[in-house]
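Only one structure is covered here, and it is reproduced in the block below.
The values are calculated or read from the model by the stated rules, or taken from the named source; none is laboratory data. In this text, all values refer to a predicted model and were calculated from it rather than measured experimentally. Cβ: placed from backbone, ideal geometry, glycine included. Neighbour counts: every protein chain shown.
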Amino acid sequence: MPNPGAMQMRCANALRALVRQCGWAGGLGAVLIVVALVGGTWGDRYAESVRGELAQERARLMRASWVEATAPAESDRSRVDSYYASRFPAASELGARLGRLYAAAQAHGLDFTRADYRIAAEPGTPLRRVALALPVQGEFLRIHAWLSEVLVALPELALEGLSIKRTGSEARRIEAELRLVLFVEEGR
């Protein structure tokens, strides 16, 4: 029976001889093979866990789509109606919206010489378009502050046009012609 210690010595010597023959490139190759084996094993475990998570997510989504399919569908018309109702005030609130517009102007010290209105239906929508022409006099910074305030406070309000005149290069007060559009929903 061969001696186990001698057999280990022969294996170790043979391994050293093999490493000497292969050189550094062979050693690097052996290390890369070991890394690939460890990485492949770890990658398989990771892929299996991801597969399980995806199967659970798919089952959850399938249950949700079945619930949605059995729920009564909302009609396109009712979705459009709810869209307009959530974003635009009713036509009955037009006076209150204009009141907020004028109150903000007064708070900023602005004077309207007149106000011209035109109301028209907005084609293809349940909206009414209220076009306002507002000549205003005051300091530019006050007009700008008022306009910024009302455009944020009233999202249904849009600035359609603005023209500014000043009587001289030294004048602090200006004359501006504002063209605003206010959208309200008809029938509410």
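Which is among the aliphatic types (A, V, I, L, M), buried (at least 16 other Cβ atoms within 10 Å of the Cβ) and more than 14 Å from GLY187 (Cα to Cα), of LEU94, LEU127, LEU101?
Result of the check over LEU94, LEU127, LEU101: LEU101.
Take the range 171-188 and flag every residue that is within 17 Å of GLU160 (Cα to Cα) and either in contact with a His (Cβ under 8 Å, 6 or more places away or on another chain) or of a type in the set (Lys, Arg) (or both).
If the condition is that a residue be within 17 Å of GLU160 (Cα to Cα) and either in contact with a His (Cβ under 8 Å, 6 or more places away or on another chain) or of a type in the set (Lys, Arg) (or both), then ARG179 is the only one that fits.
Please return the ranges of helices (runs of 4 or more DSSP H) entirely within the range 1-120 where 2 or more residues are within 19 Å of LEU157 (Cβ to Cβ) and of a type in the set (A, V, I, L, M).
Helices (runs of 4 or more DSSP H) meeting the threshold: 94-107.
Of the residues that sit in the range 84-109 and are at pLDDT 75 or above and among the aromatic types (Phe, Trp, Tyr), which one is nearest to the chain's Cα centre (by Cα)?
Here the residue is PHE88.
Which residues, counting only those in the range 129-140, are of a type outside the set (Val, Ile, Thr) and modelled with pLDDT of 90 or more?
As a first pass, look at the range 129-140 and keep what is of a type outside the set (Val, Ile, Thr): 129, 131-135, 137-140.
Answer for the range 129-140, where residues must be of a type outside the set (Val, Ile, Thr) and modelled with pLDDT of 90 or more: ARG129, ALA131, LEU132, ALA133, LEU134, PRO135.
Tell me, which residue of the range 163-181 that is small (Gly, Ala, Ser) and in contact with a strand residue (DSSP E or B) (Cβ under 6 Å, 6 or more places away or on another chain) is surrounded by the most Cβ atoms within 10 Å (Cβ to Cβ)?
The selected residue is ALA176.
How many residues are under 21 Å from VAL181 (Cβ atoms) and of a type in the set (Gly, Ala, Ser) if we restrict to the range 73-107?
11
Filter the range 130-162 for residues that are assigned to a helix (DSSP H, G or I) and exposed (fewer than 12 other Cβ atoms within 10 Å of the Cβ) and give the result. Give the derivation first.
Our first condition is that a residue be assigned to a helix (DSSP H, G or I); within the range 130-162, this holds for 140-153.
Passing the criteria: LEU141, SER148, VAL152.
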